[in-house]
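The structure under discussion appears below in the form of structure tokens.
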Amino acid sequence: MSLMTMILKMSEGLSKTCAIFFLTLLFSLPLGMIVALLRMSRIKVVSAVTRFIINVLRGTPLMLQLLAVTYGPYYLFGVTVARNKLIPVVIAFSINYAAYFAEIYRGGIESIPIGQYEAAEVLGYSKLQTFMRIILPQVIKRIMPSVTNEVVTLVKDTSLAFTVSYQEMFTIGKQIANSQTSFMPFLVAGAFYYIFNVIVDWVMGRIEKRLDYYR
Amino acid sequence: MPDNRNNPAENTAAPSILEIRRLQKAFDSTSVLKDISLSVERGNVISIIGPSGSGKSTLLRCASFLETADGGDILYDGQYAVKDGVYASKAELNRFRTRFGLVFQNFQLFPHYSVLKNVSEAPILHGENRDEVRNRAMELLKKMGLEGKENAYPYQLSGGQQQRVAIARALCMRPEVMYFDEPTSALDPELTGEVLKVIRQLADEKMTMVVVTHEMPFAKAVSNRVIFMDGGVIVEQGDPIAVFENPQEERTRQFLRVFER
């Protein structure tokens with residue numbers, strides 16, 4: 001198999017890699033905010049339970065979570081495994097990444113001085129207005145570097161979908177490597193991930209720059 | 001416990017804009033305010049002086065509902081915001097909030113907003129006409145000596161300029177009384193003057209103000225009444241000349257001695 005065919009075959013899986021990537025961000029970024037707010041809840045039970053769930057999600061391998069979400073329903077309830085693996089893969093990724101984002105959000109929210117809340121309160125901002133207008137914009141700016149880190153990690157983590165044989169780029173590459181007994185597909189995969197992350201880095205840098213108008 | 005109510009409730013026609021009676025506040029088991037009573041009449045400037053930890057900031061923060069008092073009354077214009085330690089409803093407190101403005105020691109401007117937006121957003125959110133508020137904000141900024149700074153961001157301004165923006169922001173809400181919580185304590189010495197100047201200007205315009213300060217000459221020059229607090233009680237209060245030049249209490253004398261020289 002020529003290098004060109006290899007690249008072409010693997011790039012067919014690239015759309016699925018992108019699907020995991022974008023759908024995971026789409027769901028985990030907002031879900032993480034909900035989790036962060038639950039984690040900071042004044043109701044002790046809520047924050048304790050949320051904290052436990054976050055710790056489980058961060059303390060166990062994503063690969064295990066992928067297997068659990070994909071095959072768990074079959075072993076537990078006898079439900080047939082979904083034909084389209086994208087759904088369980090995105091669910092597992094979104095939940096896992098939401099746990100990481102939640103902790104980033106929490107750190108960001110807690111880093112905003114109490115005085116900002118007090119100033120808004122005295123000026124008659126409602127709780128929601130204070131959060132949406134005063135706190136959140138400052139939080140977003142502060143957490144951008146950590147979020148970029150997670151997003152870069154996510155690009156590489158999409159390759160874990162091979163464990164449930166979802167036909168994304170890395171899974172295809174691995175199959176070619178096996179059938180051709182060649183190391184080449186792994187180098188191609190590495191190049192793909194690297195280029196992907198160069199783009200991610202550029203986009204995130206642009207966003208950070210746009211938030212650079214204040215300190 | 002000594003009775004510190006040197007200021008019995010007046011039964012004159014116009015009620016005081018702010019009246020505090022027997023206010024109590026403790027943090028955990030430390031009592032910070034012990035039975036504080038005072039009233040603020042319209043057009044008056046009241047300075048609160050005293051050593052750190054005396055409860056003067058807590059008093060202002062209770063008056064502006066940032067701290068929850070444990071007991072006592074807070075009345076605005078004769079209406080109870082807090083009665084015997086029980087707070088009025090959220091909606092009512094919001095209405096009381098429009099009566100006062102608060103200026104913090106470290107400004108607490110919103111860093112992601114331009115100067116103009118810092119000053120004008122709150123009244124606009126309260127449903128006032130955008131253009132009217134902006135005109136008012138621009139006038140206030142001019143008055144604060146900040147003409148041409150409306151599009152700057154807080155980080156581009158000096159501490160003194162930032163504090164003047166914070167004063168404009170509070171004034172833009174058209175409060176009936178202004179609270180200043182050590183407005184110059186976070187400033188470099190050479191910048192305190194410009195902030196004190198605008199406060200003095202407000203005093204000349206008969207703005208009702210309560211100023212917690214360590215600037216004794218300022219307090220003496222501007223106030224109608226000076227309150228000396230120590231250990232959570234009002235030790236002494238009265239005419240500024242009397243308090244500064246002829247203090248009756250030993251603790252007041254001790255405190256003021258530090259500032260002589």
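Remark: B:R97 falls outside the filter, which requires a residue to be among the basic types (K, R), more than 7 Å from chain A (Cβ to nearest Cβ) and either buried (at least 20 other Cβ atoms within 10 Å of the Cβ) or farther than 24 Å from B:Y155 by Cβ (or both). For region B:77-85, check the following and say yes or no: at least one residue is within 22 Å of B:A166 (Cβ to Cβ) and touching a residue at least 24 places away in the same chain (Cβ under 8 Å). Checked region B:77-85: no residue is within 22 Å of B:A166 (Cβ to Cβ) and touching a residue at least 24 places away in the same chain (Cβ under 8 Å).
Note on region B:135-161: residues that are within 12 Å of chain A (Cβ to nearest Cβ) and of a type in the set (S, T, N, Q) total 2. Residues of region A:193-215 that are free of Cβ contacts under 8 Å to residues at least 12 places away in the same chain, within 14 Å of another protein chain (Cβ to nearest Cβ) and in a helix (DSSP H, G or I): A:R210, A:D212, A:Y213.
May I ask you to list the residues in region B:49-73 that are under 27 Å from B:Q254 (Cα atoms), of a type in the set (D, E, K, R) and within 14 Å of chain A (Cβ to nearest Cβ)? Scanning region B:49-73 gives a single hit, B:R61. Residues that are within 14 Å of another protein chain (Cβ to nearest Cβ), touching a helix residue (DSSP H, G or I) at 6+ places or on another chain (Cβ under 7 Å) and crowded, with 18+ Cβ neighbours inside 10 Å within region A:91-120 comprise A:G108, A:Y117, A:A120, listed in sequence order.
Is it the case, given these coordinates, that A:F131 is buried (at least 20 other Cβ atoms within 10 Å of the Cβ), of a type outside the set (K, R) and more than 10 Å from chain B (Cβ to nearest Cβ)? So A:F131 does not fit the description; no. Just one of the listed residues (A:I34, A:I54, A:I7, A:I20) is over 18 Å from A:L154 (Cβ atoms) and at pLDDT 95 or above, namely A:I34. Considering each residue of region A:156-165 in turn, none proves to be within 14 Å of chain B (Cβ to nearest Cβ), assigned to a helix (DSSP H, G or I) and aromatic (F, W, Y).
The values are calculated or read from the model by the stated rules, or taken from the named source; none is laboratory data. Keep in mind it's a predicted model, so treat the numbers as computed, not measured. Cβ atoms come from the backbone with ideal geometry, glycine included; neighbour counts cover every protein chain shown.
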